[in-house]
Structure formats: C-alpha cells, structure tokens
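The values are calculated or read from the model by the stated rules, or taken from the named source; none is laboratory data. Note that the coordinates shown come from a computational prediction; the quantities given were computed from them, not determined experimentally. Neighbour counts run over all protein chains shown; Cβ positions are idealised from the backbone, glycine included.
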Amino acid sequence: MKTIPTFFTLALIASLWGCQQENTVSEKFLQAAPKSYMVQLVVPGNEKNLKALGDVAESYRTTVQVTRDVNTAVLNWLLWVETIVKYPASEWDDTSSTWGPWEPDDGLSSVLYRFRMWLNADDSFDYAFEIRPKNDASAAFVAVYNGHVNPGGLPTLNTGTMTFDFDAAAQYDYAVDSAGTISVAYDYIAGQKDIAVTFDQWKEHAASLPVTANYHYVATAGGDGHFDFETWADVHAGTEEAAQYPGIEHWQLRSRWTPDGDGRTDVLVTGEDLTTQGVEDFRQSECWDNAFSSTFLTRLVTIPPDPVLEEVQWGAEEACSSFPAFSSPEL
C-alpha cells in the first residue's frame, strides 16, 4: 500500500506553519476542502486477512484488488490536501485562500507546490494543487490536481468533480513517472456514496501498460453496495488461440455485496474476436458467502442462433440468495 510521499518532512511542516500565526482562513474553506473519505471505495472485508487463495472467490479478490488500485491512484492526492489545510494559509481573503508555495523534498525537489481555493458566487468552490519549476521564477504554476465542489452547507453533504493530470505533474516534477489522467465525479451524503472514476491512458509507472477504464461505485451508509467497471483486454490472452485472435474485447463487470460481506460478481465480455468467432457474448457469474468463499461459479457463451451454452463449474445458483440473478453494469 502506498503512503504519503516523504516531502511531508519537518521542513515542510515548518514552512507551512510559517510564523506560528493562527489560521484565520474562513471555516467555510476548510469544510469545503476535498476529503478522502468521501471518495474512498470500500468493499466488505477490505481490511480483513484473506484465507488461502483456493478458498477465496476469485471475483471477490478481483473486486478488492481493483478498488485498492483506484484508491491508491486517487487518495494520496487528497491526503496531501487534508494535511496542507491543517496549517495556516499564506494568503487569504473572503473569496480565496492559498497555501504555499513550498519546496517538497527539501533541496532535492525540482518544483515548488501550492494549493489554492476560490469561492464562487453560487457558494460552490474551485480548487487547484499546482506546481512550477523551482529554478524558473518566471514560469507559471500548472494545475496537476483540480476540482469543483458543492459543499451543501454541511460536512456530511458534498458533491463535486476532480481531475488528476499525471502528464502535467511529470512535466516539471522529475520524481513523478506516472502518466495519463484520472477524473472523478462524486456525490456524498451522510455516508452514502455515488462515485464515477475514469482512467484515460493512465500508467502508474513509465514501464506500465496504459490503462483506459471506467468505474462506478455506489454504497449505502448501511454497508451494502455495488461496484461496476469496464475495461478493454484480450479475452484470449494466455490461451493457445492468443496469436490467432489478438483483438481487444470490451469487459464489463458488476460486483454486489451485503453489509455481511456475501456477494456476487457478473462479467460480460463482447466485441472484437468474439464477434469474429460468431460469439455474441461471454458471461461469467460467481457468488461468495460472508467468509468470501466461492459458493457458485458458472460460465455462459451465447452463439446465435443456438441457445446459450452454460457450463457450471461448481455449486448452484440457489446459493446466491442475496443476488439470485445476473445483473449488467450501469456505467
């Protein structure tokens, strides 16, 4: 699991604290600043120790791993902001506030950072986490993370959008080797979350393969919810047919769960070489119990005009009492 980068050193804290002045930024700015808990994806059992690989539903493992990957890519930025706004702003008035600029990583940094917020006429806020080259005072600050928020007047009511531009960050910050963009739209009301995340040619590291994918996460305050995502990948990868059918198919997945942790994942794959082979779609469904053990796994292939061909790997669909039928993602 990634942690906050080391630029939050004692030197940085001292620079943020300035002259130990009292933070006089209006409370409305601090309440509106983006909060990590509002966009964090949580699946039951996310922090529990998983059992042996053979005992755990593979689709449950995939759901947890994907939510962790999305959280890792997004939450560090918000944790930076949460830390920054705890310290006095360097400039502020009734309609704006600025923290910084400061130099991360002490003398090793190639950039200066700052965080700014603006109050709009409709009481919404815009904000930006910005950088510029440290040794070029004439260069303009460039936003690497910006967003818009409608705080709704309460810390428990918050809707907004965020964009993370790793290409812009890597342009000036030599320590960044990620690329692409991530966009987030969220609606948070008293613990209920509706979050849409888009990865556009995102690469965690320079050597990583680019990822283009869409994610949709919905959870109630009670702990039940669903997680939909789509991506594009070769369904024949790793098989004897891989060389003959190298196309990239469209994958859509929906995972659903109850507060107790039992759930179901439905997979729908279409397009490219499946179409070439006369296959309308490939489907897979797996259910797991509240110990995350697989209770039912089936695979289906639709080849018109023949009926659907189903191959039950184990269990029976009656074991999926919480989610008895296939459900397509909503993206």
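Across the range 124-146, which residue is farthest from the chain's Cα centre (by Cα) among those that are in contact (Cβ under 8 Å) with a residue 24 or more places away in the chain and under 18 Å from SER96 (Cβ atoms)?
Here the residue is PHE141.
If TYR217 passes every condition in (1) farther than 22 Å from GLY271 by Cβ; (2) surrounded by fewer than 15 Cβ atoms within 10 Å (Cβ to Cβ); (3) outside the structural domain of GLN40 (by TED's automatic domain parsing) but one, which one does it miss?
All conditions pass for TYR217, except number (2).
Here is a check on your reading of the model: is THR161 in the same structural domain as ALA33 (by TED's automatic domain parsing), farther than 25 Å from GLU27 by Cα and in contact with a strand residue (DSSP E or B) (Cβ under 8 Å, 6 or more places away or on another chain)? First the steps, then the outcome.
Numbers: in the same structural domain as ALA33 (by TED's automatic domain parsing): yes; farther than 25 Å from GLU27 by Cα: no; in contact with a strand residue (DSSP E or B) (Cβ under 8 Å, 6 or more places away or on another chain): yes.
Against the criterion (in the same structural domain as ALA33 (by TED's automatic domain parsing), farther than 25 Å from GLU27 by Cα and in contact with a strand residue (DSSP E or B) (Cβ under 8 Å, 6 or more places away or on another chain)), THR161 does not qualify.
Does any residue of the range 149-172 turn out to be within 30 Å of LEU108 (Cα to Cα) and in contact with a helix residue (DSSP H, G or I) (Cβ under 7 Å, 6 or more places away or on another chain)?
yes
Which numbered condition in (1) surrounded by fewer than 16 Cβ atoms within 10 Å (Cβ to Cβ); (2) in a strand (DSSP E or B); (3) polar (S, T, N, Q) is the only one that SER138 fails?
Evaluating SER138 over (1) surrounded by fewer than 16 Cβ atoms within 10 Å (Cβ to Cβ); (2) in a strand (DSSP E or B); (3) polar (S, T, N, Q) leaves (2) as the failure.
Would you say THR265 is in contact (Cβ under 8 Å) with a residue 24 or more places away in the chain and among the polar types (S, T, N, Q)?
yes
Being out of contact with any Cys (no Cβ under 6 Å at 6 or more places or on another chain), under 26 Å from PRO44 (Cα atoms) and charged (D, E, K, R) is the filter here; which residues of the range 232-264 pass it?
ARG254, ARG256, ASP260, ASP262 - these are the residues of the range 232-264 that are out of contact with any Cys (no Cβ under 6 Å at 6 or more places or on another chain), under 26 Å from PRO44 (Cα atoms) and charged (D, E, K, R).
Considering only residues that are farther than 20 Å from SER285 by Cα and crowded, with 17+ Cβ neighbours inside 10 Å, which ones fall in the range 231-262?
TYR245
Within the set of pairs 6 or more residues apart or between chains, which connect a residue that is touching a residue at least 12 places away in the same chain (Cβ under 8 Å) and at positive phi inside the range 182-209 to a residue that is assigned to a strand (DSSP E or B) and surrounded by fewer than 17 Cβ atoms within 10 Å (Cβ to Cβ) with Cβ atoms less than 9 Å apart?
That search, which allows pairs on different chains as well, returns ALA190/LEU157; GLN201/THR181; GLN201/THR212.
Within the group VAL269, VAL301, which residue is among the hydrophobic types (A, V, I, L, M, F, W, C), buried (at least 16 other Cβ atoms within 10 Å of the Cβ) and in contact with a Leu (Cβ under 6 Å, 6 or more places away or on another chain)? Before you say what the answer is, go through the steps one by one.
Working: VAL269 fails: in contact with a Leu (Cβ under 6 Å, 6 or more places away or on another chain).
Being among the hydrophobic types (A, V, I, L, M, F, W, C), buried (at least 16 other Cβ atoms within 10 Å of the Cβ) and in contact with a Leu (Cβ under 6 Å, 6 or more places away or on another chain) holds for just one of VAL269, VAL301, which is VAL301.
Need the failing condition index for PHE199 against (1) aromatic (Phe, Trp, Tyr); (2) outside the structural domain of ALA170 (by TED's automatic domain parsing); (3) under 22 Å from TYR60 (Cα atoms), just the number.
The number of the failed condition is (2).
Please go through the range 107-123 and pick out each residue that is modelled with pLDDT of 90 or more and farther than 21 Å from PRO88 by Cβ.
Within the range 107-123, ASN120, ALA121 meet the criteria.
In the range 261-279, how many are of a type in the set (D, E, K, R) and at pLDDT 90 or above?
Counting residues in the range 261-279 that are of a type in the set (D, E, K, R) and at pLDDT 90 or above gives 3.
Which one of PHE141, PHE115, PHE125, PHE129 is under 15 Å from GLN171 (Cβ atoms) and in contact with a helix residue (DSSP H, G or I) (Cβ under 7 Å, 6 or more places away or on another chain)?
Only one candidate passes the filter, namely PHE129.
Would you point out which residue out of ASP200, ASP187, ASP228, ASP167 is touching a strand residue (DSSP E or B) at 6+ places or on another chain (Cβ under 8 Å) and buried (at least 20 other Cβ atoms within 10 Å of the Cβ)? Even if it seems obvious, please write down each step before you answer.
Numbers: ASP200 fails: buried (at least 20 other Cβ atoms within 10 Å of the Cβ); ASP187 fails: buried (at least 20 other Cβ atoms within 10 Å of the Cβ); ASP167 fails: buried (at least 20 other Cβ atoms within 10 Å of the Cβ).
Being touching a strand residue (DSSP E or B) at 6+ places or on another chain (Cβ under 8 Å) and buried (at least 20 other Cβ atoms within 10 Å of the Cβ) holds for just one of ASP200, ASP187, ASP228, ASP167, which is ASP228.
Would you be able to tell me the number of residues in the range 170-184 that are part of a strand (DSSP E or B) and surrounded by fewer than 18 Cβ atoms within 10 Å (Cβ to Cβ)?
2
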